[in-house]
1. Those residues that are among the hydroxyl-bearing types (Ser, Thr, Tyr), within 23 Å of His124 (Cα to Cα) and in contact (Cβ under 8 Å) with a residue 60 or more places away in the chain, I need them from the range 51-88; list them, please.
2. Looking at the range 18-39, I want the residues that are assigned by TED's automatic domain parsing to the domain that holds Val344 and basic (Lys, Arg) and have a partner that is within 12 Å of the ligand (Cβ to nearest atom) and at pLDDT 95 or above with Cβ atoms under 7 Å, at least 6 apart or on another chain. Which pairs are those?
3. Working only within the range 197-218, note down all residues that are of a type outside the set (Ser, Thr, Tyr) and either touching a residue at least 60 places away in the same chain (Cβ under 8 Å) or more than 10 Å from the ligand (Cβ to nearest atom) (or both).
4. If the requirement is being within 19 Å of the chain's Cα centre (by Cα) and in a loop (DSSP other than H, G, I, E, B), which of these qualifies: Pro166, Pro188, Pro235?
5. Look through Ala117, Ala126, Ala104 and report the one residue that is among the small types (Gly, Ala, Ser) and part of a strand (DSSP E or B).
6. Out of Gln39, Gln49, which single residue is within 14 Å of the ligand (Cβ to nearest atom), within 20 Å of the chain's Cα centre (by Cα) and crowded, with 20+ Cβ neighbours inside 10 Å?
7. Would you call Ile206 at pLDDT 95 or above and more than 16 Å from Phe304 (Cβ to Cβ)?
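The values are calculated or read from the model by the stated rules, or taken from the named source; none is laboratory data. On a predicted model such as this, the values are computed, not experimentally measured, just so you know. Reconstructed Cβ throughout: ideal geometry from the backbone, glycine too, with neighbour counts over all protein chains shown.
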Amino acid sequence: MKIGIEKIGFYTPHLYVDMNKLAVKRNVEPEKFTIGIGQEKMAIPPITQDSVTLAANAAFEIVDEKDKEAIDLCIFGTESGIDHSKSAGIYVHHLLGLNPHARAIEVKQACYGATAAIQMAKGHIALNPTKKVLVLGSDIARYGLNTSGEATQGAGAVALVISADPKILELEEQSAYLTSDIMDFWRPVYSDKAFVDGKYSNEQYILFFSKIWEAYKEKTGLELKDLEAICFHLPYTKMGLKALRTILDEGTEEDKERLLENYKISTTYNRNVGNIYTGSLYLSLLSLLEQKGDLKEGSRIGLFSYGSGAVGEFFTGILQPNYREYLRVDQHAELFSSRTEVTVEEYEKVFQETLPTDGSTIEFDIDKDPAKICLSGMTDNMRQYVNKMN
Ligand code: HMG
């Protein structure tokens, strides 16, 4: 039985800041952000978007009535959860009108969460081949104003329908993974910003990649020549390139050229959004599939997932016949082109807006946010959500 990705949805907020302008305000050379880090634009979530609404907007564009009948499990991978107890998946379950007899849960392991969800979904479909699983990866990356992590913030979500009818990418069975207890990046429950040991996190990302890649080759006997492209978790677009470069000498000149060219294409969306944590790897996959017109059916794509703390995994998928028909290239082009640029001062103001923590009521003007699904306010410590399409 084939199991894999049937549909991919994506959402990012309608505001962004230009990295050149952020660099000028922070007194660094713009090339540090655009070349050294490899980011052009950074998505800014208004107060009316949180991890729930971002995920719901990403899923709303792909989940149809037939999917709603078949989805019996919704797994929400996030590290920007809004509640220590209740799963973010339940809010999305309601906002999308999923089948009441579908389960909804949340999973966490930094940026690895959505990959964990996909692996669980594969097992679920193997046992229940007529069912589908909705996997969500949604996050807001926050390090703080004027911090060294600031240039690697972002916001967005990816939604994936996993089924036994993988119209886009069949996920292959073999994968290699690694867990090690390290403190490269973490966010204690009392903080709304991440703590990070930046240089150490980069080193660990590369170390995980090299150990996992060796384990993967040993397990499968596959080599660089067998991969059309490798997509990476992209905290910033230079990071995957640093990892890719460590293995390029294993291939021929042709392998090098192909993998470097495809890597560049796979960073297109991420370069304009920033880090979206759990969704980043799948946003990179989406960039590759939607921006490279001539990727052949049957090609094998490698995927490297890394979640600080840390868990990493390397796995692969095979592109399916006519996969392009199931992509939403025009809708995503429109999503990017309709965004509004904000100044650095406006971004700083939005960044510092917070929700009440004393139980008071607040209402937001959701007409200012073009998203279909928004956070409309708070009352009695409960977030209020609106799906404008209902
Ligand atoms: P930094 O220390 O400010 O930057 O922070 P830097 O001094 O290392 O410079 C960055 C690069 O720009 C360097 O290139 C410079 O040479 C270059 P590299 O040596 O790395 O190739 N540079 C220039 N290039 C061109 N023209 C110039 C110029 N000036 C400098 N004029 C850092 C960078 C990424 C450490 C920081 O932003 C940070 O801490 N970010 C957050 C942590 C992070 O993203 N880590 C990545 C690995 S961990 C991960 O992926 C997991 C994560 O997603 C979380 C999760 O799992 O939940 C983060």
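1. Result: Thr78, single match.
2. Arg26/Asn146; Lys32/Ala23
3. Once the filter is applied, which keeps residues that are of a type outside the set (Ser, Thr, Tyr) and either touching a residue at least 60 places away in the same chain (Cβ under 8 Å) or more than 10 Å from the ligand (Cβ to nearest atom) (or both), the range 197-218 yields Gln204, Leu207, Phe208, Phe209, Lys211, Ile212, Trp213, Glu214, Ala215, Lys217, Glu218.
4. Step by step, each of Pro166, Pro188, Pro235 is checked, and only Pro235 is within 19 Å of the chain's Cα centre (by Cα) and in a loop (DSSP other than H, G, I, E, B).
5. Just one listed residue meets the conditions, Ala104.
6. So the residue among Gln39, Gln49 that is within 14 Å of the ligand (Cβ to nearest atom), within 20 Å of the chain's Cα centre (by Cα) and crowded, with 20+ Cβ neighbours inside 10 Å is Gln39.
7. Numbers: at pLDDT 95 or above: yes; more than 16 Å from Phe304 (Cβ to Cβ): no.
No, not satisfied.
The rows are residues; the columns are (1) within 16 Å of the ligand (Cβ to nearest atom); (2) closer than 25 Å to Ser284 by Cβ; (3) touching a His at 6+ places or on another chain (Cβ under 8 Å).
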site: Pro100; (1), (2), (3): no, no, no
site: Pro129; (1), (2), (3): no, no, no
site: Val135; (1), (2), (3): no, yes, no
site: Ala141; (1), (2), (3): yes, yes, no
site: Leu145; (1), (2), (3): yes, no, no
site: Gly149; (1), (2), (3): yes, yes, no
site: Ala157; (1), (2), (3): yes, yes, no
site: Leu160; (1), (2), (3): no, yes, no
site: Lys167; (1), (2), (3): no, yes, no
